[in-house]
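Single-structure report; data block below.
The values are calculated or read from the model by the stated rules, or taken from the named source; none is laboratory data. Everything quoted here is computed from the prediction, not taken from an experiment. Every residue, glycine among them, receives a Cβ derived from its backbone with ideal geometry; neighbour counts consider all protein chains shown. What goes into the accessible areas is simple: the full protein's heavy atoms, side chains included, and nothing from ligands, DNA or RNA. Shrake-Rupley method; radii C 1.70, N 1.55, O 1.52, S 1.80 Å.
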Amino acid sequence: MLRTTTILGWFRLCRIDLFGLALLLYPLRSAAFQPEAVVLIVPFADHSYFRGSWDISRGIPQVLGELLQQDRNIVVLPLDMVDSLLTAGEDSTTLSEAQALRIGDNAGADLVVNGDIRNFSIKRFNAGNPSLGGYTSYTALVEVEIQLLQPLSMSQVGTAAGKAEITDRDLGLTLLGKPTRKEAALLELNEVPFGVERFRQTIIGKATLDALQQLTKEIGAKTSPPHTLQQREPKVLSLQETEGFVNLGLADKVEIGHKFVVYSRQEMKRIGVVQIVEVLAQHLSRILVLEGQEHIQVEDALAAP
């Protein structure tokens, strides 16, 4: 007798010159000029039909934020910040693209991550008569889709999906209908706080981490400028107060929102940070000076963080 039941559906340079060599050997990052990408993750919509005690609409974004924080070039704003920026009548788990962009803009974020939990469950597979004895295995499935929104351009700049399915193939023997140790542990899952180390060691925790780690790669690609540029000598072309132009563009695969460290060509030291605000041509973009306005000059060099 074969039977499948859901038990957690209810739980839910190329040329090296002296200046380039100096950049490669520069040992410490200046405390003043940290060009981190600021990311705000809003609570996710939940269409998984999860019925457990965990609040996965906030728990999954929280774990995603912790994974992103491992990248030294990303700063994740506290999830609670979203609540403080909601207007009357807004629900944090049903934000439209326009609402999420407004909140991200008010929070000073470079990127807003909005998401939808499509699946979050554990299924049990039984072989044999459950009242007498048999074998049991479990499959956890987590599927999350996200939108990447950019307040600077007030637009969506990408989408991504993370999906993980894990099967416990160490089949547990059931005798006279008594639950195995694994089944007993799964039934007690709701007593484990979401996201803690004990949760991450469970089958559903491992599936959650796997799915979210897929998403961190996509988010990182949108926040980090390319380290390999076609332009041999990236530099500031012109500057007037806080706006100017650089010789990076489409051919260098830079995008709106990318940040670059500025180095003084004369002293070979880090002096500021600029951000791409408009890509105009193969090797031309408009920039906004974020830090170091009083120090940056034409011909100063650019480098990825």
Counting other Cβ atoms within 10 Å, which trypsin sites (Lys or Arg not before Pro) in segment 188-297 have at most 14 and lie in a DSSP loop?
ARG232, LYS253, LYS269
Give, in nm to one decimal, the length gained when the segment between PHE125 and GLU191 is fully stretched (0.36 nm per residue of separation minus the Cα-Cα distance).
21.5 nm
Under 5 Å between amide H atoms, partner at least 5 residues away or on a different chain: which partners does ASN119 have, H built in plane at 1.01 Å?
GLU143
Once you put a point 7 Å from the Cα of GLU294 and another 7 Å from the Cα of GLU90, both along the Cβ direction, what distance in nm separates them?
3.6 nm
Compute the length gained on full extension between GLU97 and VAL157: take 0.36 nm times their separation in residues and subtract their Cα-Cα distance, giving the result in nm to one decimal.
20.4 nm
If the chain between GLU233 and LEU67 were fully extended at 0.36 nm per residue, the gain over the current Cα-Cα distance would be 56.4 nm
Paramagnetic reach from GLN240 in segment 247-283 [backbone N under 20 Å; point 7 Å along Cα→Cβ]
247-248, 274-281
How large is the accessible surface per residue of segment 220-268, computed with a 1.4 Å probe and reported in Å² as a whole number?
52 Å²
On a 23 Å Cα-Cα criterion, which of the cross-link pairs LYS235/LYS259; LYS123/LYS217; LYS163/LYS259; LYS222/LYS269; LYS163/LYS253 come out too long?
LYS123/LYS217; LYS163/LYS259; LYS222/LYS269; LYS163/LYS253
